[in-house]
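Below is one structure, written out as structure tokens; the observations come after it.
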Amino acid sequence: MNATFANNLFRQSIQDYHLTDHVDTPISNPYSPEDVAFLLYQKNWIDTVQWHLEDIIRSPSIHPDELVVVKRRIDQSNQDRTDTVEQIDSWFFGQFQVITPKPGARLNSETPAWLLDRMSILQLKIYHFREQVDRPSVSDEHRQKASQKLAVLLEQENDLAQCFDELLEDIRNGDRYMKVYRQMKMYNDPTLNPVLYTSQV
């Protein structure tokens, strides 16, 4: 497990999604559910579908009824994304349980899986800015601006990859340690969202 391994899986998921480029395309995860690659592929597929749902909901011609449906899909997608991140962190936690942190080891505020979340979204940005650079019938100015932003994203890709690999190395060496925090989202829970639980009375 390292940044290259994760980024390659994210790119594979993005490429597979764009074979059909449709938000209703069912996921066909090529990895075994027992393999962490399964979770990484699933995580990015969720992100990729949500990326395109976010495009759809901003259409000026979207019908209000469709807008509500898409917004609810995005809410569910956010919940699925969070659940998958927590599954990935649970996998990491299991891997690192055998390691005893050194005296003075530091707790990292961002877990490995939440860093992977940022890396997954970043791969989507890189993919779509490359599309803009290669987009036909756009002005040179548009292409130049897209190229400049793509260059920044590629620099960020290297930086995040380094941060991820260094975090795992520090945890393995006992210099840092991680905890798994549940996000405890309230808006989808009918017992915690006041709009939902008061409507049941």
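Values as computed for the structure displayed
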{"quantity": "Restricting region 40-74 to residues that are charged (D, E, K, R) and over 28 Å from residue 93 (Cα atoms), the residue that is least open to solvent (accessible area, probe 1.4 Å)", "calculated": "54"}
{"quantity": "Count of region 145-172 residues which are open to solvent by 80 Å² or more (accessible area, probe 1.4 Å) and among the polar types (S, T, N, Q)", "calculated": "3"}
{"quantity": "Residues located in region 110-139, provided they are under 16 Å from residue 86 (Cβ atoms) and either assigned to a loop (DSSP other than H, G, I, E, B) or open to solvent by 60 Å² or more (accessible area, probe 1.4 Å) (or both)", "calculated": "110, 111, 118"}
{"quantity": "Residue 142 vs. criteria touching a helix residue (DSSP H, G or I) at 6+ places or on another chain (Cβ under 8 Å) and open to solvent by 60 Å² or more (accessible area, probe 1.4 Å)", "calculated": "yes"}
{"quantity": "All positions within region 1-19 that are hydroxyl-bearing (Ser, Thr, Tyr) and open to solvent by 80 Å² or more (accessible area, probe 1.4 Å)", "calculated": "4"}
{"quantity": "Number of the exception - residue 37 against (1) of a type in the set (A, V, I, L, M); (2) in contact with a Phe, Trp or Tyr (Cβ under 6 Å, 6 or more places away or on another chain); (3) surrounded by fewer than 16 Cβ atoms within 10 Å (Cβ to Cβ)", "calculated": "(3)"}
{"quantity": "Those residues of region 22-64 which are of a type in the set (Gly, Ala, Ser) and farther than 23 Å from residue 86 by Cα, in sequence order", "calculated": "59, 61"}
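The values are calculated or read from the model by the stated rules, or taken from the named source; none is laboratory data. Here the structure is a predicted model, which is why all the values come from computation and not from measurement. With ideal geometry, Cβ positions are generated from the backbone for all residues, glycine too; neighbour counts draw on all protein chains shown. Note: areas computed on protein heavy atoms with side chains; ligands, DNA, RNA excluded. Shrake-Rupley method; radii C 1.70, N 1.55, O 1.52, S 1.80 Å.
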